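Peer 1: Before I ask anything, here is the structure I am working with.
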Amino acid sequence: MKNRILFAKKIGMSRQFDGQGTITPITTLRIFPMQSVGQKTFEKHGYMANIIKLGERLVREFKNTEQSTKLEEVAKQGDFVNIGGKVKGRGFTGVVKRHGFAGGPRTHGQSDRERAPGSSSSGTTLGRLMKGKRMAGRYGGHTIVVRNLKVVSVDSEKNTLVVKGSVPGSNQTLLKVVVL
């Protein structure tokens, strides 16, 4: 069976206790109902795709998507999922926060250099910075995929999916869920 794609909104994180007192971090996701509203054809548009309405407003275009009317037909307890989404953006940050640099010494007259990156490159050989040098800049705001999260429970009445572990983004973030 092919991987099934769902779209969800992150509701929030919590924790769950088992009989032995072990704590398991969980994340609750609300699955968007998917409704096909049109198709793109090769003759007319040059490619094949389905136009799908997610919930009330969001309309997206997807190639090779299958439809399912009920959540329990797509995912069940014990399945594994990959969840992709946008990481929380943290704005423009320095090297200490962005890359974990230690900074300079706290003594010997270094009162204003504690969180500075230090020297950037050699002064003679290349005379320039190399590509990929770790420096201050925008931190977060990129898309990642968290793989192989276990489905803890599925509630088809509330249209929610509970997975073990954390997923990218803040609450109310749109996520792509691939059921393996």
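Peer 1: About the Cα centre of segment 7-128, how large is the charge dipole given +1 on each Lys and Arg Cβ and -1 on each Asp and Glu Cβ? Please answer in debye to the nearest 20.
Peer 2: Computed charge dipole of segment 7-128: roughly 520 debye.
Peer 1: Among L58, A75, A136, whose Cα lies farthest out toward the positive end of the dipole of the chain, if unit charges sit on the beta carbon of Lys, Arg (+1) and Asp, Glu (-1)?
Peer 2: Going by the charge dipole, the pick is A136.
Peer 1: Looking at the square roots a ≥ b ≥ c of the eigenvalues of the Cα gyration tensor of segment 52-145, which shape do they give, rounded for a/c under 1.5, prolate if a/b is larger than b/c, or oblate?
Peer 2: Here segment 52-145 falls in the prolate category.
Peer 1: Can you tell me the Rg and Dmax of segment 92-180, counting just the alpha carbons, in angstroms?
Peer 2: For segment 92-180, the Cα radius of gyration and maximum Cα-Cα distance read 21.5, 68 Å.
Peer 1: If I take R0 = 22 Å and measure r between the Cβ atoms of H99 and S170 in this structure, what FRET efficiency does the formula 1/(1 + (r/R0)^6) give, to the nearest 0.05?
Peer 2: 0.45
Peer 1: Before anything else, pin down the relative contact order of segment 93-138: Cα pairs under 8 Å, at least 6 apart, normalised by residue count, whole percent.
Peer 2: 44
Peer 1: Moving to a separate point now. Among all the aspartates and glutamates, which ones have a C-alpha under 19 Å from K97's C-alpha, if same-chain residues fewer than 8 places away are not counted?
Peer 2: Correct list for K97: D112, E114.
Peer 1: May I ask you to give the average projected area over all directions of the convex hull of the Cα atoms of segment 93-138, in nm² rounded to one decimal?
Peer 2: Projected area, direction-averaged: 4.1 nm².
Peer 1: State the percent of C-alpha pairs, over all pairs in segment 5-66, separated by a distance greater than 17 angstrom.
Peer 2: 57
Peer 1: Could you tell me the extents of the chain's C-alpha atoms along the three principal axes, largest first, rounded to whole Å?
Peer 2: 67, 58, 29
All of the numbers you see were taken from the coordinates with simple rules; none came from a lab. Computed from a prediction, not measured in an experiment: that's the story for all the values here. As a convention, Cβ positions derive from the backbone with ideal geometry for all residues, glycine included, and neighbour counts pool all protein chains shown.
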